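Below: one structure, written as structure tokens.
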Amino acid sequence: MFPLPRNQTLILAISGGPDSIFLLDKIAQVQNRNNLKIIIAHLNHQIRGTESDKDELFVIKTAKKYQIPFEVKKINVPEYAKKYKLNLEQAARNARYAFLSEIAEKNSAKYILTAHHQDDNIETVLFKFFRGCNLKSLTGMSQKQNISVIYNEKIYHANILRPLLNTQKKEILDYLRKNKIKFCIDKSNFDTKLKRNFLRHNLIPQIEQINPEFNKKFPKTIENFSLIENFIQQEIKKWLKLNFKKSSFPMDLFNLLHPYIRQEIIKNLFYKFSPHEELSSTHIQNILDLINKKKSNTKKEFGKKHFLKILNKKVCIISIAIHQK
């Protein structure tokens with residue numbers, strides 16, 4: 001685990017599975033030394049019926065065993081997913097982080113700790129790669145991340161710490177077995193009809209036949225992608241600092257840039273002005289085509305509250321509300 005903060009209130013996201021129970025046990029060992037106030041948070045997604053209820057009871061029992069305060073909540077995620085037309089995974093994620101955000105705010109906690117580990121990170125990168133993705137997606141999960149989700153039409157923010165990202169799943173299971181620590185088993189994790197489970201149980205073992213060191217070597221590849229992405233983002237920040245003035249930038253200078261950098265600048269600006277909206281690759285290309293044509297007074301939607309317009313050899317981002325006045 002990477003070094004933990006001191007003198008803080010921490011929320012531990014505990015599902016009851018092996019990863020989160022391992023995290024709980026490790027944090028409990030350093031609680032007094034680091035002067036930490038720990039609160040266990042468990043969300044019953046009500047996806048697996050009685051098994052979900054058993055997991056909730058197990059977490060409550062475990063929290064009492066460790067003498068750590070806990071917060072539990074039930075949310076009918078399938079109903080929420082149906083109401084907002086989301087897939088079950090996205091709905092569960094939104095509900096979970098909204099719940100964790102509420103608990104963090106209630107207890108003035110700076111960080112929420114999750115039990116994502118090295119194997120999770122590898123699976124995440126491979127899963128995104130096979131679906132088709134950008135460079136950012138190949139950098140995997142970060143140890144510190146600010147996450148924003150929309151749940152029931154409200155925006156929630158969560159400061160996430162992932163202390164186990166450099167820990168292998170095998171280490172976790174070996175530790176729990178050696179110390180005879182009980183945990184829950186989610187049977188749905190073994191259903192290979194689910195794509196991520198197929199990747200975990202079928203595809204990765206095949207990859208390991210080609211390279212037995214895959215699980216040790218691939219994290220370095222992820223780190224390399226991350227270094228490249230960080231470098232590109234630093235260069236983009238420099239360019240924007242020099243050239244993005246009064247919500248506009250010079251069109252000719254922009255068109256001299258590498259196509260990938262142009263694309264990333266548009267994404268950076270879009271999420272600056274519309275942080276909770278979606279930007280498709282098609283819309284990015286339409287914006288780049290508009291800029292490339294250099295035709296004055298042409299414009300394109302830039303989120304729900306702004307539009308991008310070509311004016312006097314400049315690319316301007318204009319508020320719809322101000323324009324209507």
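The values are calculated or read from the model by the stated rules, or taken from the named source; none is laboratory data. Computed from a prediction, not measured in an experiment: that's the story for all the values here. Cβ placement follows ideal geometry from the backbone for every residue including glycine, while neighbour counts extend to all protein chains displayed.
The residues of segment 29-57 that are out of contact with any strand residue (DSSP E or B) (no Cβ under 7 Å at 6 or more places or on another chain), surrounded by fewer than 20 Cβ atoms within 10 Å (Cβ to Cβ) and not acidic (Asp, Glu), listed by number, are Gln29, Val30, Asn32, Arg33, Asn34, Asn35, Ile47, Arg48, Gly49, Thr50, Lys54, Leu57. Among the residues here, Lys154 qualifies as over 17 Å from the mean Cα position of the chain (by Cα), more than 27 Å from Glu213 (Cα to Cα) and at pLDDT below 95. Please verify whether Leu113 is surrounded by 18 or more Cβ atoms within 10 Å (Cβ to Cβ) and either closer than 26 Å to Phe214 by Cα or in contact with a Ser or Thr (Cβ under 7 Å, 6 or more places away or on another chain) (or both), treating the condition exactly as stated. No; evaluated as a whole, the condition is false for this residue. Looking only at segment 94-130, residues that are within 19 Å of Pro18 (Cα to Cα) and not polar (S, T, N, Q) come to 10 in all. Reported count of residues in segment 40-75, each being closer than 20 Å to Gln29 by Cβ and not charged (D, E, K, R), is 10. Counting only strands (runs of 3 or more DSSP E) that fall entirely inside segment 254-324 and contain at least 2 residues that are crowded, with 16+ Cβ neighbours inside 10 Å, the qualifying elements are 306-311, 314-319. The lone criterion from (1) surrounded by 12 or more Cβ atoms within 10 Å (Cβ to Cβ); (2) assigned to a loop (DSSP other than H, G, I, E, B) left unmet by Pro212 is number (1). Scanning segment 184-194 finds one or more residues that are assigned to a helix (DSSP H, G or I), within 30 Å of Gln29 (Cα to Cα) and under 23 Å from the mean Cα position of the chain (by Cα). On the given criteria, is Leu176 of a type in the set (A, V, I, L, M), under 16 Å from the mean Cα position of the chain (by Cα) and more than 30 Å from Thr282 (Cβ to Cβ)? In short, no. Only one of the numbered conditions (1) in contact with a Lys or Arg (Cβ under 9 Å, 6 or more places away or on another chain); (2) over 23 Å from Val315 (Cβ atoms); (3) not in a helix (DSSP H, G or I) is not met by Ile181, and that is (1).
Check whether at least one residue in segment 179-198 is more than 25 Å from Val77 (Cβ to Cβ), modelled with pLDDT of 95 or more and either surrounded by 14 or more Cβ atoms within 10 Å (Cβ to Cβ) or of a type in the set (S, T, N, Q) (or both), and report yes or no. Yes, that holds for at least one residue.
Residue selection: Ser148 satisfies the criterion of being loosely packed, with under 14 Cβ neighbours inside 10 Å and in contact (Cβ under 8 Å) with a residue 60 or more places away in the chain.
Based on what the data block shows, is Asn121 surrounded by fewer than 16 Cβ atoms within 10 Å (Cβ to Cβ) and either under 18 Å from the mean Cα position of the chain (by Cα) or among the small types (Gly, Ala, Ser) (or both)? No: the conditions fail for Asn121. With respect to being charged (D, E, K, R), within 16 Å of Ile317 (Cβ to Cβ) and free of Cβ contacts under 8 Å to residues at least 12 places away in the same chain, Lys238 falls outside the description.
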